[in-house]
Amino acid sequence: MSSAAQPYPHASEGDEVEDVKDRLRKAIRAARSTRSHRLRDEAAEHLADVVTSIPAVAEARCVSVYAARPAEPGTTVLLDRLAERGVRLLLPVLGSGLQRDWAEYGGADDLRERAPGRPPEPGGPTLGAEALAEADVIVAPALAVDTAGARLGQGGGWYDRALEHARPGAPVVAVVFPEELYDATVHPLPREPHDRTVDIVATPEGWQPIAG
């Protein structure tokens, strides 16, 4: 939850919301880069325990997840656990610009970094942006989330646009490290009208629904 250790940029009069977001993104990315490989591996194990304990995930037959970048909360263990259970897994495939697509997870050996800076992607056939409607639950990356459901993404709005194809009622679970969960009554995250809120936030320490 929110603490004095959390980066929270001061917004001056005349600041654009996106400028404030960018300062916060930079601070969170810098903090993430200091986490050791051992701590990241431990967090990935705990995160898999937490996410699979969410009732909607435990009951799901199809889940949209993502292959995490090195500094993000790890998802490799989560992907393997869900795959072992026979869950169909949809992973993002980034096209040119903001093109949105999905492909089925075929195992860790099938994941490749298709372009510098992009998250690993599966190599199987793409299914189109509308395939997200088949997911019972959507596990989405985030740099930060607040207790009102505001999600700070990487910038560019890829997930905000992708979620337009989500099936109504399918919960969105944002994944962050514990210190990246902000108390919205004290430090609300900057939001814009197009920003999509999330339904659940999960960290390696536990999960909680967003009070709506």
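The values are calculated or read from the model by the stated rules, or taken from the named source; none is laboratory data. Quantities reported herein were computed from a predicted structural model and do not represent experimental measurements. Reconstructed Cβ throughout: ideal geometry from the backbone, glycine too, with neighbour counts over all protein chains shown.
Here segment 154-174 is the region considered, the condition is being under 10 Å from the mean Cα position of the chain (by Cα) and crowded, with 20+ Cβ neighbours inside 10 Å, and the residue that is farthest from ARG69 (Cα to Cα) is VAL172. Taken together, the residues in segment 59-70 that are out of contact with any Lys or Arg (no Cβ under 9 Å at 6 or more places or on another chain) and either free of Cβ contacts under 8 Å to residues at least 12 places away in the same chain or of a type outside the set (A, V, I, L, M) (or both) amount to 3.
Any residue at all in segment 200-210 that is closer than 26 Å to GLY117 by Cβ, in contact with a Lys or Arg (Cβ under 7 Å, 6 or more places away or on another chain) and free of Cβ contacts under 8 Å to residues at least 60 places away in the same chain? No: zero hits. In summary, strands (runs of 3 or more DSSP E) completely within segment 36-131 and bearing 1 or more residues that are acidic (Asp, Glu) occur at 100-104.
Within segment 79-95, the presence of a residue that is surrounded by 21 or more Cβ atoms within 10 Å (Cβ to Cβ), over 18 Å from GLY153 (Cβ atoms) and either modelled with pLDDT under 95 or of a type in the set (D, E, K, R) (or both) is excluded.
Looking at segment 181-212 only, could you name the residues that are outside any loop (DSSP other than H, G, I, E, B), of a type outside the set (Gly, Ala, Ser) and more than 12 Å from the chain's Cα centre (by Cα)?
Kept after step one, since they are outside any loop (DSSP other than H, G, I, E, B), are these residues of segment 181-212: 181-182, 200-203, 206-209.
Still in the running and of a type outside the set (Gly, Ala, Ser): 181-182, 200-201, 203, 207-209.
If the condition is that a residue be outside any loop (DSSP other than H, G, I, E, B), of a type outside the set (Gly, Ala, Ser) and more than 12 Å from the chain's Cα centre (by Cα), then LEU181, TYR182, TRP207, GLN208, PRO209 are the ones that fit.
Could you count how many residues in segment 17-39 are in contact with a helix residue (DSSP H, G or I) (Cβ under 9 Å, 6 or more places away or on another chain) and not hydrophobic (A, V, I, L, M, F, W, C)?
Taking segment 17-39 first, the residues in contact with a helix residue (DSSP H, G or I) (Cβ under 9 Å, 6 or more places away or on another chain) are 28, 31-32, 35.
With the extra rule that they be not hydrophobic (A, V, I, L, M, F, W, C), the set shrinks to 32, 35.
The total comes to 2.
Residues in segment 185-212 that are at pLDDT below 95, out of contact with any helix residue (DSSP H, G or I) (no Cβ under 8 Å at 6 or more places or on another chain) and of a type outside the set (Val, Ile, Thr) were compared, and the one that is nearest to HIS46 (Cα to Cα) is ALA211. Of all the criteria given as (1) at pLDDT below 95; (2) touching a Lys or Arg at 6+ places or on another chain (Cβ under 8 Å); (3) buried (at least 16 other Cβ atoms within 10 Å of the Cβ); (4) not basic (Lys, Arg), the one not satisfied by LEU98 is (3).
One residue stands out among those in segment 112-153 that are surrounded by fewer than 14 Cβ atoms within 10 Å (Cβ to Cβ) and acidic (Asp, Glu): the one that is modelled with the highest pLDDT, which is GLU130.
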